[in-house]
Amino acid sequence: MSSSPLSKKRRVSGSETKTGSHCSSSNSVRTELSHTPANGMAKNGNDAEIDEGLYSRQLYVLGHDAMKRMQSSNVLISGLRGLGVEIAKNIILGGVKSVTLHDQGVAEWKDLSSQFYLREEDLGKNRADVSQTRLAELNSYVPVTSYTGVLTNEYLTKFQVVVLTNSSLDEQISLGDFCHSNGIKLIVADTRGLFGQLFCDFGEEMTVFDTNGEQPLSAMISMITKDSAGVVTCLDEARHGFESGDFVTFTEVQGMTELNGCEPIEIKTLGPYTFSICDTSSFSDYVRGGIVTQVKMPKKVAFKSLSSSMAEPEFLLTDFAKFDRPGQLHMGFQALHAFEKKHSRLPKPWNQSDADELVALAEEVNAAQTGSAKQEQLDQAIIKKLSCMAAGDLAPINAFIGGLAAQEVMKACTGKFMPIMQWLYFDAVECLPEAEDAVLTEEECAPRNCRYDGQIAVFGSKLQELLAKQRYFLMIMPCQLCSCTMLAFSLEIIVSQSNTASLNHIYQKKMKSETAAAAVKLMNPSVRITGHQNRVGPDTEKVYDDDFFESLDGVTNALDNVDARMYMDRRCVYYRKPLLESGTLGTKGNVQVVIPFLTESYSSSQDPPEKSIPICTGLVTSLRDFSNSLLKTDPKFMERTLKLPGAQPLEVVEAVYKSLVTDYPRSWEDCVAWARNHFQCQYNNNIRQLLHNFPPDQLTSSGAPFWSGPKRCPHPLEFSTNNDLHMDYIMAAANLLAQSYGLPGSTERSVLTKLLQDIKVPEFIPKSGVKIHVSDQELQSANASIDDSRLEELKTLLPSTEATSQYKLCPIEFEKDDDTNFHMDFIVAASNLRAENYDIPPADRHKSKLIAGKIIPAIATTTAAVVGLVCLELLKIVQGHKKLESYKNGFMNLALPFFGFSEPIAAPKHKYYEIDWTLWDRFEVKGIQSSGEEMTLRQFLDYFKNEHKLEITMLSQGVSMLYSFFMPAAKLKERLDLPMTEIVTKVSKKKLGKHVKALVFELCCNDETEEDVEVPYVRYTIR
C-alpha cells in the first residue's frame, strides 16, 4: 500500500481544473500543494489510478468504472451554509475531479449551528473562502477552490454538475433552464428547520448503468428445453432470484453450446426455479451443466427542467405515513420564496402574523397552479409550522438532505444507481414538543447571537439548556455523528473505538475515537468530549461498570457485528437507557430506536446470522491457532485440546507435531522447500487423489454424472517458475512461515527461482482405499470418531513443555491493510490457485481483500443521511417523548432510491397473575438485609414465595445453575444456608469483582396452581 496521500500534498496546475480560470485573485483561494502523492497518482481524471487504500470501502460500493467516471467531473456547490458544506464534504471524500465552492455571503452566528467548518473567529468572513482551506484537507486528490463572484451562464459551462443551496427561486429557474439546455446536471437542495427539499435534473437523456447496485445474480442450470421459448430450469438448491425483464448470459453449458457467450437475452420468470428465454428449437440438445448470470443493462432516463417540473412535479415519497405531504410542501416552499422576495427576509421564528401571511401566500401560489401540482386543499397547520421554523438551521436535517444530495451528485457523475425522480420532500415535525398545549413563543426562539441560534429558532432556548446537560456514549460512530451532535447539541460525549483508523478513514495510525474527539473539539470548543480506546464487552466491565452506565443519558451504536450490538443492547436494557442503533452497508442504512418501557429492544427482532466466509484455511490460520498456545508454553494446552469435539484433538495435535518436529524450518531455504511441497500437496497431489477416487466420468448410484451441478470436476496444477501466480504463492507462503519462526525472509525473486530449481519434490502416486467425504454429513460422521492410537503416539512424540522454550514461534494476526506483510499476497494466490483447479474465474486483490477482511462497504453519503436520522431521534429522546408514534425506525437504500419509516415495535407484554411485564421490568431484591447479613438461598426462595406467591423451580446466574428442584438432597442442604454471593462464587469458580454492585438471576417459577409461569429476571443488589 502506498503511504498516506494526506502527508504528500500535490500542486494544482491550471491544466488540472478549468474552474479556477474564472476566479479572480480577490475572489478565489487556492491550495498550493507541494508533492505528488506517493503512489504516483498525479491527478483525477480518466487516466488516473485509483488509490485503493484511500477509497477502498467506497470502491466496494461504486466500483472502479464509476470511480473513474466520477474523477472526470468538475462540481460547483453554491451556498456554503450547513447544507452546502455537508454536500461538499461528502463529494470531496468521494473523489470527484474538482470542487468549486461558491458563496457571496459572510458567516453569521446562526451559521455556526450546522456549518462545522466555521468558527467564531470567522464571523463576518466569506463562507466559501473560510471553508475552502478546511475542506481541501479532506482529500488531497480533489482540488478545492472558492469563488465569490456572480454565477453567470458562461461560468457554469465549466462544470458537469451544479448544486444550488440557499438560492432564490428566480435564480434556481434561470440557472436551471440554462443547465438543462446545455447538458449540465443540476441539483437544488434546501433545508428550513425540520423541513428539507431536493430536486434533480440530469437532462433529457441520462444513461443509468446500474439501477440498484446489487451484485449480478447467477444460478446453476439443470435443464434447458428446445422450444419457441426455451425453458431454463435451475438447480432446486436455491431460488434463481431473477425477475421478468432481466437480461442474462450463459456459460459452461454442455450440449446447447449456442447459448455460451451469447448476447444478453431477456427472460420471463415462470417460477422460483424456472424462466423462459429465446427460441431454442434450432439449438443443439442440452446435455448438462451451465451457469446463467444476470447482466446489468443500461437504462435511459429523461428529466424535465426545473421550470417545467414545478407545475407537473413527480415526487419520491420518503414516508408513506405522510402520503400527501410532498404536494403540500411543494406549495409551502414556493410560498417561502415569495415571502422572502417580498420582505427580503424569512418569516420570524414562531411569529404568528408571519405564519398567517405565509399561509395566504401559499393559497395564492396554489390558486395559480394549472398542472398536477395544484392541491385540493392546503394543510394550513403544516404551512404554519414551515413558517415558524423557516429561519432555523439544523445539523441533523442538513446531514440527511446533504447525504442524499451528495449521492445524487455521484449518480450524476457516474450513471451508477437510479436518480431521484425528481422532487423529494422530507420533514421531521415529530421532533417538536408532543404536548398539544406546548406552544413555543417568538421570544423564546429569538436569536441570542450564539452558535446555537439556528437550533434555538426551531426548539427554543430551554431545549438547548437541556441538551447541554446530556451525557451520551457513542460506540464506534464516525466523526460524522460527533460533528452533527456536538456542533448543535453541546452535550457531553464519550466515544469508544478500539480500532485504529486506516487510510479510508482519512486519518492514519490514530485511534478513531481519539481522532473524532480532536476533530470535534475544533468544531465546537465548548464540547465536553472524551475519546476512549477500550473494546466494550465483558472484559472491560470494570471500566464500563454500574457507575459509568448509570451516569449516562443514552447510548448510540454503529457497531459492525451482531454480537457486539446485542451486548450493548443487553447493557442498555439492564441499565434502562435509550439506545439509538444504526448501521450502513454501502447505500443501505437503518436506524432503530430503543426506548425504555416503550419499545422492544434490538435483540427482540433477531437479525439473520452473519455469514462465515472460509478463506484459505491453510498457513495463516493454522499457524495462528497453535502458536498462541505454544508461545505461552501453556501447561493446559493438551488438556484443553483433548476436550475438543470429534476428530479435532487429532487434527490439532497432528498439526502441532508437524510445526514443531517434521516441518520445523531452520533457514530461509527450509521455508522455501516447505512452501514448494505445500503447493504440490494442495494443488496437485490432493486433486490427483480426488480424481483417482472420483474420475471425470464417474457415475452416481442412480446413473447420473458425479461431476455435475455444483460439483465441478477439478484438474491438478503443474508447478512452473515461469508462472507468476505460482511464484507469488511460494514467495508469500515461505515468508509467512519464516515470520512464524522468527527467521529472516526474502523478496528476491531471482534467488527464489534458483532455490526452487534445486528442490526435489517427492513423486506422488494416488492410493486406493483413501476415504474422501463427498458431503458435510459424511464429514461430520467421520469427525465423530477419532484414532486414539495415533493420538497417543503423537502425544509421546511431541517435545516436552520445558523443551518448547527453544522454539521461537511468533503468532501471525491477519492484517489486510499492510501490503508488505504477505498476508493478502498469500490469500490472493492461494484462493486463485484453487479457483484455477476448478476453472473458476480468478478474483483480483481488491475483491479478495473485501472477502478476507470482511470489509463492510461504506460511503460517506449514506453515513451522513443515517447520522441525520439518528440525531433527530436523539432530539425526541432528550425532550422526553412518550408516544410510540413520535419515534421513527428508518430504512433507506440510496441506490434505488427507497425510504421506509415506521413506528418502533412496542415492547411485547407478558403476564403472571394479574401483573403485566415487559423486557424492561425486573424484580429488585436487596441482598444485604437490615441486619447487615446477606440473604441466603433459603431466604431468597422464601422471599419469592411470600412476597410474589411464586415457587422458584430453577435459579441460575449466567451459565451457572444455583438451584433446581431436582438437585440432589445433599447438595441442596449444603447450599440452602449459604449467602447467595458465596454460592455464585462457588458454582462459577470466579470471584466477584469489587466493581460488581448487583447480580442478575434468571428464574423458572410455578404459580399457586403449580403451573409454570414466565417472570422477569432478578436484579440482586449486593453493594
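The values are calculated or read from the model by the stated rules, or taken from the named source; none is laboratory data. Note that the coordinates shown come from a computational prediction; the quantities given were computed from them, not determined experimentally. Positions of Cβ are generated from backbone atoms using ideal geometry, with glycine treated the same way; all protein chains shown enter the neighbour counts. In case anyone asks, the SASA skips ligands and DNA or RNA and just uses the protein heavy atoms, side chains included. Shrake-Rupley method; radii C 1.70, N 1.55, O 1.52, S 1.80 Å.
In loop segments of region 337-405 as defined by DSSP, the trypsin sites (Lys or Arg not before Pro) with at most 15 further C-beta atoms inside 10 Å of their C-beta are ARG345, LYS374. Shown is the FRET efficiency for ASP1012 and ARG570, computed with R0 = 35 Å from the Cβ-Cβ distance and rounded to the nearest 0.05: 0.90. Measuring between alpha carbons in the structure, the pairs from LYS462/LYS876; LYS348/LYS385; LYS926/LYS997; LYS185/LYS411; LYS643/LYS971 lying more than 18 angstrom apart are LYS643/LYS971. The residues of the chain present an accessible area of 45 Å² per residue when probed at 1.4 Å with all protein chains retained. Note that region 369-374 has calculated 3J(HN,Hα) couplings of 6, 10, x, 5, 5, 5 Hz, one per residue in order, obtained from phi through the Karplus relation 6.51 cos²θ - 1.76 cosθ + 1.60 (θ = phi - 60°); glycine and proline are x. Heavy-atom surface analysis with a 1.4 Å probe gives the chain a carbon and sulfur content of 50 percent of its accessible area. Measuring against 32 Å, Cα to Cα, the residue pairs LYS158/LYS888; LYS97/LYS384; LYS416/LYS854 contain LYS158/LYS888; LYS97/LYS384 as the ones spanning a longer distance. One decimal place: the segment THR953-ASP227 gains 254.5 nm when fully extended, by the rule 0.36 nm per residue minus the C-alpha distance. Of the Cα atoms belonging to region 50-134, the radius of gyration and Dmax stand at 14.8, 43 Å. DSSP beta bridges confined to the chain are antiparallel in about 65 percent of cases.
Given a 1.4 Å probe and heavy atoms of the protein chains only, how would you sort ILE983, ILE877, largest accessible area at the top? Could the numbers behind the result be given before it?
Details: ILE983 5, ILE877 25 Å².
From most exposed to least exposed: ILE877, ILE983.
Normalised by the number of residues in the chain, the average gap of Cα pairs under 8 Å and 6 or more apart makes the relative contact order 11 percent. For region 980-1023, relative contact order (Cα pairs under 8 Å, six or more residues apart, normalised by length) works out to 36 percent. Ranking of GLU408, GLU243 by solvent-accessible surface, largest first: GLU243, GLU408 (1.4 Å probe, protein heavy atoms only, all chains present). Please list, in order, the residues from region 1004-1018 whose amide nitrogen is less than 18 Å from a point placed 7 Å along the Cα→Cβ vector of MET961. What the label zone holds, given the 18 Å backbone N cut-off, is 1004-1006.
Rounded to the nearest whole Hz, the Karplus-based 3J(HN,Hα) values (6.51 cos²θ - 1.76 cosθ + 1.60, θ = phi - 60°) of region 849-862 follow the sequence 5, 4, 6, 5, x, 6, 6, 8, x, 8, 8, 4, 5, 5, with x at glycine and proline. If you sort the three axes of the alpha carbon gyration tensor as a ≥ b ≥ c, you get a/c of 1.5 or more for region 893-974 and a/b above b/c, which makes it prolate.
For the chain, a simple Cβ point-charge model (Lys and Arg +1, Asp and Glu -1, everything else neutral) yields a dipole of about 2500 debye relative to the Cα centre. Ranking VAL365, ALA381, MET410 by Cα position along the charge dipole of region 348-460, where only Lys, Arg, Asp and Glu carry charges on their C-beta atoms, puts MET410 farthest toward the positive end. Straight-distance candidates among the aspartates and glutamates for linking to LYS994, with alpha-carbon spacing under 15 Å and chain neighbours fewer than 8 residues away dropped: ASP539, GLU541, ASP545, ASP546, ASP547, GLU982.
A value for Cα extents along the principal axes in Å was derived from the coordinates, and within the list (i) 95, 87, 63; (ii) 125, 88, 82; (iii) 109, 89, 71 it appears as (i).
Annotation for region 669-689 versus region 75-139: alpha-carbon center distance of 58 Å. In this simple spin-label approximation, LYS997 and SER789 carry label points 7 Å from Cα along the Cα→Cβ vector, and these lie 6.3 nm apart.
Just to make sure I understand: if all protein chains stay in place, what is the order of VAL208, VAL1013, VAL543 by accessible area at 1.4 Å, largest first? List each step's numbers first, then the result.
Details: VAL208 0, VAL1013 25, VAL543 75 Å².
Accessible-area ranking of VAL208, VAL1013, VAL543, largest first: VAL543, VAL1013, VAL208.
Applying a DSSP loop filter and a limit of 13 other Cβ atoms within 10 Å to the chymotrypsin sites (Phe, Trp or Tyr not before Pro) in region 314-394 leaves PHE323.
Would you kindly state how much longer the chain becomes between GLU813 and SER551 on full extension, computed as 0.36 nm times their sequence separation minus their alpha carbon distance, in nm to one decimal?
Working: separation 262, 0.36 × 262 = 94.32 nm, distance 3.67 nm.
Stretched out fully, the GLU813 to SER551 stretch lengthens by 90.7 nm.
For HIS102, the residues whose amide H sits under 5 Å from its own are ILE77, SER78, GLY79, TYR147, ignoring neighbours fewer than 5 places away on the same chain, with H placed 1.01 Å from N. For the pair THR269 and LEU798, the difference between a 0.36 nm per residue extended length and the Cα-Cα distance amounts to 184.4 nm. Between VAL770 and GLU49, the distance separating the two model label sites (each 7 Å from Cα on the Cα→Cβ line) works out to 4.3 nm.
Between SER605 and GLU444, the distance separating the two model label sites (each 7 Å from Cα on the Cα→Cβ line) works out to 3.3 nm.
Looking at region 935-1023, which chymotrypsin sites (Phe, Trp or Tyr not before Pro) are in a loop (DSSP not H, G, I, E or B) and have at most 10 other Cβ atoms within 10 Å? Walk me through the intermediate numbers first.
Details: sites: PHE940, TYR943, PHE944, TYR963, PHE965, PHE966, PHE1001, TYR1017, TYR1020; in loops: PHE965, PHE966.
Within region 935-1023, the qualifying chymotrypsin sites (Phe, Trp or Tyr not before Pro) (loop, at most 10 other Cβ atoms within 10 Å) are PHE966.
Amide H contacts of MET954: CYS1004, each under 5 Å away and 5 or more positions distant or on a separate chain (H built 1.01 Å from N in the peptide plane; Pro and chain starts excluded). Legend: calculated FRET efficiency, ASP724 to SER902, from the Cβ-Cβ distance at R0 = 45 Å, rounded to 0.05, equals 0.25. Whole-Hz Karplus values for region 754-766 come out as 5, 4, 5, 5, 9, 7, 9, 8, x, 5, 10, 10, x Hz, taken residue by residue from phi with 6.51 cos²θ - 1.76 cosθ + 1.60 and θ = phi - 60°; glycine and proline positions read x.
Only Cα pairs under 8 Å and 6+ residues apart enter the sum, and on that basis the relative contact order of region 123-250 stands at 13 percent. Computed from the Cβ-Cβ distance with R0 of 35 Å, the FRET efficiency linking GLN352 to SER372 stands at 0.65.
Taking a ≥ b ≥ c as the square roots of the eigenvalues of the Cα gyration tensor of region 642-800, is the shape rounded (a/c under 1.5), prolate (a/b larger than b/c) or oblate? Here region 642-800 falls in the oblate category.
To the nearest 10 Å², what's CYS413's accessible area with a 1.4 Å probe? Counting only protein heavy atoms, the figure is 20 Å².
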